[in-house]
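S.K.: Mind having a look at this structure? Questions to follow.
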Amino acid sequence: MLFKNIFKIIWLGFFVFALLLIGCKDDSPTEPQGPVDPVFTLSSINIELQGGGQGIQFFARSNKDISLIRANIKNPIGNETVFNAGGNVFLTDEVIGLQDPNIGYLRVSGEWTFRFVGNHEPTKESFDVTQTLNVSAKAMPQ
């Protein structure tokens, strides 16, 4: 009889322990994850400006379909220009010119900073991505 009571107490202890484990499970919903921010591949070409100075044009390609609102471009000496992309849609790997046609920036060597603001397509969730590109001081070929 004593053995049966001990067995019942042990079995009841395991049962209560199992209920506690099940009851402690975290059932709270996880926050929905938004889309991963796009990554931009940056490139540049050297150009000659109309006044005869050395200039540069910048281009970007996104690894996702996006609509680009603007690109804030800061040169190494701290001057910032805002390129208005107008919310145009660019498909994955499509080349995006970061200046108006026939326009260039004064070429300054060092690290340029690009802040891209736009939306994912087709979800329209926003992104704000900053990337850099190093520009060399090499002279343009004559």
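Since every read-out is calculated from the coordinates, none of them should be taken as a lab result. Because the structure is predicted, anything quoted here is derived from the model rather than measured. Glycine gets a Cβ as well: all are built from the backbone with ideal geometry, and neighbour counts include every protein chain shown.
S.K.: Give me the net charge for the shell around ARG115: Cβ to Cβ below 11 angstrom, other residues only, Lys and Arg +1, Asp and Glu -1.
M.R.: For residues surrounding ARG115, the net value is 0.
S.K.: In Å³ and rounded to a whole number, note down the convex hull volume per residue for the Cα atoms of the range 60-142.
M.R.: 104
S.K.: Suppose the chain between LYS74 and ASN88 were pulled fully straight at 0.36 nm per residue; how much longer would it get relative to their current alpha carbon spacing?
M.R.: Difference between extended and current length: 2.9 nm.
S.K.: What is the range 59-142's relative contact order, in percent, from Cα pairs under 8 angstrom and six or more apart in sequence?
M.R.: Relative CO of the range 59-142 lands at 33 percent.
S.K.: Using a Förster distance of 22 angstrom, determine the FRET efficiency expected from the C-beta separation of GLU111 and VAL39, and round it to 0.05.
M.R.: Efficiency for this residue pair is about 0.80.
S.K.: Between beta-carbons, use under 14 Å as the cut-off and find the net charge around LYS74, counting Lys and Arg +1, Asp and Glu -1.
M.R.: Local charge sum for LYS74: 0.
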